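What follows is a set of notes on a single structure, which appears directly below.
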Amino acid sequence: MGSQGIFLSFEGIDGSGKSTQARRLADSLRARGHAVTLTREPGGSPGAEDIRRLVLTGDPDRWSPETEILLFTAARRDHLEKTIRPALSRGEVVITDRFADSTRMYQGLRAPALRDTVDRLHELMIGTEPDLTLLVDIDPAVGLARAQARAGDEMRFEDMGLATQAQMRAGFLDLAARTPRFAVIDGARDADAVAADILTTVLARIG
Ligand code: ADP
Ligand code: TYD
């Protein structure tokens with residue numbers, strides 16, 4: 001991470017409430033006087049938003065698993081250079097809706113044989129992890145219903161279906177159990193309760 005700031009990420013399956021909670025956390029921290037950069041992946045910088053359009057729209061089989069990993073990592077590199085690092089060096093709290101754990105899980109699930117490649121490419125080209133990762137955990141049936149209620153043309157990953165989302169949830173929980181920077185948050189409560197839990201967790205970790 002940068003020399004002064006604090007780097008927070010939200011992870012979880014589609015529709016778990018990450019975007020809602022990232023926004024609410026940003027509002028709460030700003031109300032407490034913190035300077036906050038709220039951002040998202042894929043995207044979060046003009047170049048990375050261009051790459052987002054390449055990976056999330058159009059024919060789902062357009063990219064091989066290898067190319068897809070490179071595109072997500074390229075987007076992340078631009079996001080890191082143009083948005084995350086500058087904000088951290090200004091001493092801000094950076095909150096990103098998804099980061100490298102999403103590549104580990106989504107691309108790792110699409111091509112299990114490439115899971116190690118994802119980690120190696122991350123080491124080589126990104127080399128940065130959040131100080132704290134909030135995993136918003138939810139039953140996929142609830143997450144999918146929420147995600148489908150939200151119409152749009154970015155259905156590439158949300159179209160995965162329940163069984164795959166269940167695998168994804170298990171993968172995230174397994175990664176969280178092995179990785180100290182994670183906090184697992186029960187996302188199946190009303191948004192106020194989830195937000196309060198997250199704020200307590202963040203304040204306990206960042207002081
Ligand atoms: P994600 O970013 O994880 O895909 P969102 O924050 O976009 O999830 O939430 C998906 C949908 O569910 C949105 O329509 C949102 O308003 C709704 N939602 C978010 N959190 C809750 C909650 N705690 N209870 C019920 N609905 C929620
Ligand atoms: P996002 O906009 O966060 O979707 P949602 O709000 O539904 O969670 O992310 C778009 C999709 O991109 C999502 O299905 C997960 C996928 N994704 C990857 O496959 N790899 C990645 O590295 C990232 C950041 C996202």
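When the residues of segment 15-34 are filtered to those that are open to solvent by less than 60 Å² (accessible area, probe 1.4 Å) and away from ligand 2 (no atom under 16 Å from the Cβ), which remaining residue is farthest from VAL93 (Cα to Cα)? Per the stated criteria, the residue is SER28. Only one of (1) under 22 Å from GLN21 (Cβ atoms); (2) away from ligand 2 (no atom under 13 Å from the Cβ) is not met by PHE99, so which one is it? Unmet condition: (2). With the structure loaded, tell me whether LEU80 is away from ligand 2 (no atom under 13 Å from the Cβ) and crowded, with 18+ Cβ neighbours inside 10 Å or whether it fails that test. When the stated conditions are applied, LEU80 does not pass them.
Tally time: how many residues in segment 1-34 are over 17 Å from LEU132 (Cβ atoms) and among the hydrophobic types (A, V, I, L, M, F, W, C)? Count: 2. Among the residues of segment 1-14, those that are over 12 Å from the mean Cα position of the chain (by Cα), open to solvent by 10 Å² or more (accessible area, probe 1.4 Å) and not hydroxyl-bearing (Ser, Thr, Tyr) comprise MET1, GLY2, GLN4, ILE6.
Among the residues in segment 59-74, are any touching an Asp or Glu at 6+ places or on another chain (Cβ under 8 Å) and open to solvent by 40 Å² or more (accessible area, probe 1.4 Å)? Yes, segment 59-74 has at least one match. Only residues that are open to solvent by 10 Å² or more (accessible area, probe 1.4 Å) and under 12 Å from the mean Cα position of the chain (by Cα) were counted in segment 86-98, giving 2.
If you check ASP101, ASP139 for being open to solvent by 10 Å² or more (accessible area, probe 1.4 Å) and out of contact with any Lys or Arg (no Cβ under 7 Å at 6 or more places or on another chain), only one passes: ASP139. Go through the residues of segment 105-116 one by one and say whether even a single one is among the polar types (S, T, N, Q), within 13 Å of ligand 2 (Cβ to nearest atom), under 17 Å from the mean Cα position of the chain (by Cα) and at pLDDT 95 or above. So far as segment 105-116 goes, yes, one or more of its residues are among the polar types (S, T, N, Q), within 13 Å of ligand 2 (Cβ to nearest atom), under 17 Å from the mean Cα position of the chain (by Cα) and at pLDDT 95 or above.
Listed here are the residues, each with its yes/no results for (1) away from ligand 1 (no atom under 14 Å from the Cβ); (2) under 28 Å from GLU92 (Cα atoms); (3) open to solvent by 80 Å² or more (accessible area, probe 1.4 Å); (4) outside any helix (DSSP H, G or I).
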site	(1), (2), (3), (4)
GLN165	no, no, no, no
GLY171	yes, no, no, no
ALA176	yes, yes, no, no
PRO180	yes, yes, yes, yes
ALA188	no, no, no, yes
ASP192	no, yes, yes, no
ALA196	no, yes, no, no
THR200	yes, yes, yes, no
LEU203	yes, yes, no, no
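Considering each residue of segment 49-56 in turn, none proves to be open to solvent by 30 Å² or more (accessible area, probe 1.4 Å), without any contact (Cβ under 8 Å) to a residue 24 or more places away in the chain and under 14 Å from the mean Cα position of the chain (by Cα).
Which ones in segment 86-128 are of a type in the set (Lys, Arg), assigned to a helix (DSSP H, G or I) and within 23 Å of VAL184 (Cα to Cα)? Steps first, please.
Filtering segment 86-128 for residues of a type in the set (Lys, Arg) gives 90, 98, 104, 110, 115, 120.
Within this subset, residues satisfying the condition of being assigned to a helix (DSSP H, G or I) are 104, 110, 115, 120.
Matches in segment 86-128: ARG104, ARG115.
I'm trying to understand the selection: among the residues of segment 102-128, which are more than 15 Å from ALA74 (Cα to Cα) and in contact (Cβ under 8 Å) with a residue 12 or more places away in the chain? The answer is MET105, TYR106, GLY108, LEU109, ARG110, ALA111, LEU114.
The values are calculated or read from the model by the stated rules, or taken from the named source; none is laboratory data. Bear in mind that the values here come from a model prediction, so they are computed numbers and not experimental data. A quick note on method: Cβ atoms are made from the backbone with ideal geometry, for glycine too, and the neighbour counts reach across all protein chains shown. These area figures cover heavy atoms from the full protein model, side chains too; ligands, DNA and RNA do not enter into them. Shrake-Rupley method; radii C 1.70, N 1.55, O 1.52, S 1.80 Å.
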